[in-house]
Every structure is written in structure tokens, then in C-alpha cells.
Amino acid sequence: MTTSSKFMFRASLVAVSVAAASSAYSAGFALNDHSATASGKALGGVAASNEDISASFWNPALFVNAKETTIYVSGAYVMPSMDVTDISANNASAAGGAAITGSTTNSDSVDNTLVPSFYFAKPLSDKTVAGISLNVPFGLSGDYGDDWAGRFHATETSLQDIALSFALAHRVNSWASVGASVQIHRAEVVLGSAVGISGVEGDGRIEADDTGYGYSFGVALEPVKGTRLGLGYRSEVDFDFKGDVKYKNVATLNASALTPGYDLINTTVSDSITLPSVLTLSIEQELTKKLILGLSAIRTGWGSMDGLNIDFDSDQPNSVLTFGFEDQWMYSAGLTYTYSDQLTLRTGVAMDNSPVTDEYRSARTPDGDRKWISVGATYDFNDMTSATFAFTHVMIEDVSVSRDGTGEDRARGKINADYSSSANVISVAMNMAF
């Protein structure tokens, strides 16, 4: 990366340091609020939308929606809630499998967060538009603290993926447009947990980061006036994370016989992770001059994420956590109603299926299926400036984590816990043309 690119990424990381939103919002840890416009209709018809340039995240061909130089800035304030109850844990490696002391409930592991998005479009001709966007495609954040009974499985978990995209979109003719982008991704991972056994324990914390590259392409069609079709694809992104692990309060642990053959020492670590591809299929149909129905099906290729296999540059064995993710679809339907020349109203519903299976669900991925209910509106101040608002309530399936302390969990021990989660999301945006 050039010096200027590195500076832009560092500034972006600071600006969106809180954007690793809780997994209470989107299935897996995909973040889907990149547009207040799209959120108001629960992403219904998003890859076929002709409303503004923010739909270009799902389909870069939609940068052709810009007729003048345009800036679209959006922010989603995510307010998650996650209650963990009936927590029990045991030291699998200790004699007799003694119970781990600590809190048996946890209700403050997720915080309110802000997820920003930015789009800039510049028409190069009547048919071709150049675009730049900054998004946070994936994010996960949770901090159980050091006092809960499941601390050997997880204390802190954070992942941030920030993508800077450069796109070109071209209107082929009156009914067809195409687009593509290249992306630079900067991702950071933080993993924390207790180490040892209850009573003879310390803390370990891993921080690692890497830069990856991806691409997207899309097609937008309107074969019949009032009927719009869209297809968008975002590629997988490979990361070779490198960082370090730091331990605290492990002197007693290292002096004991609990880590035979190796000591827990500060060292460098590495791991490879592939963030998934995203395929979006959409249709918009004008039912009347004022009412539009939008439908979307979004497939996320979660199967690319096998799990964590952290390699320590010491004698410590690899730390493994299998995700067992499965590719999943999200389905949504939305309505857009032009109430007046200045006011547009939206609503939508969605079903967002979780990639996590019961077998591999863990304290780091306590994920369940989600249902969205969304409402939104846009107010046009004039032909050049508008403001958009959206509210989404996310209902999340209650799930349980049950790990038996064998295999890769031998050092972590057993854990059982029940999770009840939900989220409210407020999104606002400004669209300005010059």
C-alpha cells in the first residue's frame, strides 16, 4: 500500500473503531446496514433499486443512479441486547472436573455501536460513473468480562473488516447497466480468554491484523418499464493474520504441571481466515405509480470460514476453534410508497438465517436465526438534498451453547449456557448532489 493509502486506512480505523457491531444484528457477523434507504425496506429489492447510489454496496452497477456528483453518508446506531443465563462450566483437564467459579448470568457483554458508510459518485460521461465507497462489511464484538464462568472459552471477541472500494458503472443502453469494483480490506481480530484452570489461571489476549483484496460485479436490468432486476456479487477475501499474544498472571501457572512441555509466553501468532462471498438477487416491481414492491435473496458463502487455527511462534500447541459454518440465505420483502413529491415511505420484513449449527455453536459465536421488521422514510428538501431515516427491530432465536470439554475444548473445559438476544437499529443518511 502507498503511504497515503495506509494513512487513509489508519484514519478510517480510528473513525470506525466502534463499528464491530454485536453479532446481535446480522446472522454470522455480516453487517447489513450500509444504507438507511435499503434498511427502511429490510433490503427488499436492494440490488435492483434506482433510488440512490447506496445500493451499490450490493450491486456496483447501481452507481449509475448518480446523474450528478453525489455524496451519500449513512450511519446505523445498533442497540443490541444479549442475556446469557444458566451458565455452568467445568475444568475438563482438572482432576474430578471441578466446577469453574464465576457468574452464572451475563447481560452486559454487548454495547451500543455505530456502523458508518460513505459513498461518492462522479459521472465521467452520460453513461459512465466512477464511484468510491467505504463500508464495514463484517463486524463482531463482545466482552463477557473476566468473572463469568465461561471465561476459559471467551472473555473478549472482536473482528473488524473495513473495505475501501473503487468502482466503475456503465449504462449499456436504456434498460441495462453493468458495474464492477476492486476493494482493499483492512481487518483486525482480538481474542481474549482465561488460561489454566479455575484457581490457577491467567489471561491471554491475541491481537492480529492483515490487509486483503476483493472485487465485486453487478448487472441491473429494466426489460419492461417498471420491472427492474438486479444481480450483485462480492468476492471472498483472504487474510493471513499476523500479530501477537500477551499473557498476564501466568507465572504460577507456568511453574505448575498444568502446561506440560511448554510455557505460556508472549510471542507472535498467525492464522488464515477467508471472509465469505455475498450474492444478491433482487427484483423491483412498480405496482402503481406510487407503490413499489421489492424482493431480495442474499446468499452468504459462510462455508469458506472453517474456523480458527492459531499458530504460536513458541512451543505452545495451536489453538483451534471449529466454526462449522454453513452457506445461508437471507430473504426480504419491502414496499416503497411515494406519499408526496417530498416524502417517500418504506417498510419491509426479512428472514436472516444463521450459518451456525447446534454442534459447533460456541461462546464466541452464540448465533441464531433472525427476523427483521423495518420502517423508514426519505424527505427531499430540494432536487439536490434529501435526508433518510430507518428503524429496524431484529428478533433473534433463543439458542444454547453446549460444549463437552473434549477434543479442541480440552483446555477450555465444559460449558452450558442459554442465550436470549434482540436488537434495535436506527439509521440516518444524507444524500447530496452537486
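Annotation: Asp383 fulfils all but one of (1) over 30 Å from Tyr144 (Cα atoms); (2) under 26 Å from the mean Cα position of the chain (by Cα); (3) modelled with pLDDT under 95; the unmet one is (2). Among the numbered criteria (1) surrounded by fewer than 16 Cβ atoms within 10 Å (Cβ to Cβ); (2) part of a helix (DSSP H, G or I); (3) at pLDDT 95 or above, which one does Glu68 miss? Condition not satisfied by Glu68: (2).
Of all residues in region 388-416, those satisfying the criterion of being surrounded by 15 or more Cβ atoms within 10 Å (Cβ to Cβ) and either among the β-branched types (Val, Ile, Thr) or touching a His at 6+ places or on another chain (Cβ under 9 Å) (or both) are Thr388, Thr392, Val394, Ile396, Val399, Val401, Arg403, Asp409, Arg412, Gly413, Ile415.
Would you confirm whether or not region 8-24 contains a residue that is in contact with a strand residue (DSSP E or B) (Cβ under 8 Å, 6 or more places away or on another chain), open to solvent by less than 10 Å² (accessible area, probe 1.4 Å) and modelled with pLDDT of 60 or more? The answer is no, given that none of the residues of region 8-24 is in contact with a strand residue (DSSP E or B) (Cβ under 8 Å, 6 or more places away or on another chain), open to solvent by less than 10 Å² (accessible area, probe 1.4 Å) and modelled with pLDDT of 60 or more.
Need a quick list: strands (runs of 3 or more DSSP E) entirely within region 188-277 having at least 3 residues that are over 28 Å from Asn65 (Cβ atoms) and basic (Lys, Arg).
Once the strands (runs of 3 or more DSSP E) in region 188-277 are filtered for at least 3 residues that are over 28 Å from Asn65 (Cβ atoms) and basic (Lys, Arg), what remains is 237-248.
The strands (runs of 3 or more DSSP E) found wholly in region 281-385 and carrying at least 2 residues that are of a type in the set (Gly, Ala, Ser) and surrounded by 15 or more Cβ atoms within 10 Å (Cβ to Cβ) occupy 291-300, 328-338, 343-352, 370-380. Only a single item in (1) out of contact with any Ser or Thr (no Cβ under 7 Å at 6 or more places or on another chain); (2) within 21 Å of Ser402 (Cβ to Cβ) is not met by Tyr339, and it is number (2).
Just one residue in the set Asp83, Asp33, Asp111 is open to solvent by 10 Å² or more (accessible area, probe 1.4 Å), part of a loop (DSSP other than H, G, I, E, B) and modelled with pLDDT of 60 or more; that residue is Asp111.
Tallying residues that are touching a Phe, Trp or Tyr at 6+ places or on another chain (Cβ under 8 Å), farther than 18 Å from Ala350 by Cα and either of a type in the set (Val, Ile, Thr) or open to solvent by 10 Å² or more (accessible area, probe 1.4 Å) (or both) within region 38-55 yields 2.
Working only within region 86-99, note down all residues that are hydrophobic (A, V, I, L, M, F, W, C) and either under 30 Å from Ser133 (Cα atoms) or at pLDDT 90 or above (or both).
Matches in region 86-99: Ile87, Ala89.
Filtering region 148-186 to residues that are of a type in the set (Gly, Ala, Ser) and crowded, with 22+ Cβ neighbours inside 10 Å leaves Ala149, Gly150, Ala154, Ala163, Ser165, Ala167, Ala169, Ser177, Gly179, Ser181.
The values are calculated or read from the model by the stated rules, or taken from the named source; none is laboratory data. Note that this is a predicted model, so its numbers are computed, not measured. Please note: Cβ atoms are built from the backbone with ideal geometry, for glycine as well, and neighbour counts cover all protein chains shown. Heavy atoms of the whole protein, side chains included, go into the accessibility calculation; ligands, DNA and RNA do not. Shrake-Rupley method; radii C 1.70, N 1.55, O 1.52, S 1.80 Å.
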